[in-house]
Amino acid sequence: MFSALFPLSAATAADFAQLRQPRVELRNVVKQYDAHTVLNGVSLSVEPGEVVTILGPSGSGKSTLIRLINQLESLSGGEIYIDDKPIGQLRGAALRQLRSRIGFVFQQFNLYAHLTALQNITLALEYVHGWNKTDAERRARELLQQVGLEEKVDAYAAQLSGGQQQRVAIARALASSPQIILFDEPTSALDPEMIGEVLQVMKNLAHSGITMIVVTHEMHFAREIADRVVFIDGGEILEVSPPEEFFTRPQHPRTQRFLKKVLDPLHQESSL
C-alpha cells in the first residue's frame, strides 16, 4: 500500500533492500575436526549494526563459530555470507580484503610485547593497509584516546596491565574502521578488577553502527548490551531471543538449566 502511494525509484528500492540485507549470515555451517563435529548445521543471521552475544558452556562451539566468520578456521560444510557474498572459499588478496572489514579481539590480547601501544596499532595500518606513518599514528592516537589510554601511547605492551592490553587490542581491531567486530571471550584472561574497564569500552562501541558478535561468559553484560542473545550447546543453536526474554523466560530446557547454574553459582549439577 505504501509503495503504491509513494513509488520507489530503482535506486531507492535497491538502497532499501541493502538496508534489510544481513551483514553476516551462516547457512547450515558445519565444522569438524577428524571425527569430532564442533558445529552441526548452524544457521544465523546478524543485521548491520546489531549486537549479538553468544552464550553457552565451554566446548559448545562458540569460539569456533566466530573464528569461521573471519576465516581463521575453514568450513567443513555450509556457507557464510558477508553482505550476501559467500566467503568460505576466499584466499589470498580476497581473504585479506575480507579481514580488513572484520576486527577480531582475542582472549589473550596477542599484542607484540616489544612494541609500544602506538606501534601495535600502526603496524597493520602501515604494512597491511598501506597507510603512511603520519596518518597511521594519528589514527592510533585517536583510538587510544577512545579507549582511555592516551597516556599509554609510548608504553610497551609488557608494561601494561591485562585490562590495558585488551583495550589496546580493541583499538587495534578498530583501526581499519571495520564493519564487523568479533570478540572471543575478551575478559576471560583478566583479573576480576580489570574486567569492568574492558566491558565499558565495549559498551561504548555497542550500537555505534558497527556489527558486534560477542562470545562471553559475562551474563549481566550480555543482558545489558545485546539486541539478541544466542545460546549454543553441543555445536547447535538451541535458542535465539531478545535479552530480556532470554534471561527471564528461556524456552529450551537446556537454556533453563544453563542459566540456573551460571546465575546461581552454588547450584549443583546433580539437582538439575
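Any read-out appearing in this document is the output of simple, stated calculations on the displayed coordinates, not a laboratory observation. These numbers come from a predicted model, not from an experiment. FYI the Cβ positions are ideal-geometry reconstructions off the backbone, even for glycines, and counts take in every protein chain you see.
Here the label points at residue 264 and residue 151, each 7 Å from Cα along the C-beta direction, are separated by 4.5 nm in the simple model. Ranked by the mean number of other Cβ atoms within 10 Å per residue, highest first, peptides 255-261, 233-239 order as 233-239, 255-261.
By the rule of a C-alpha distance below 18 Å, with chain neighbours fewer than 8 residues away ignored, no lysines are paired with residue 203. Among 82, 232, the order by Cβ neighbours within 10 angstrom, fewest to most, reads 82, 232. Dividing the summed -39500 (n - 2.57) terms of all DSSP H runs of n ≥ 4 by the residue count of the chain sets its mean residue ellipticity at 222 nm at -11500 deg cm²/dmol.
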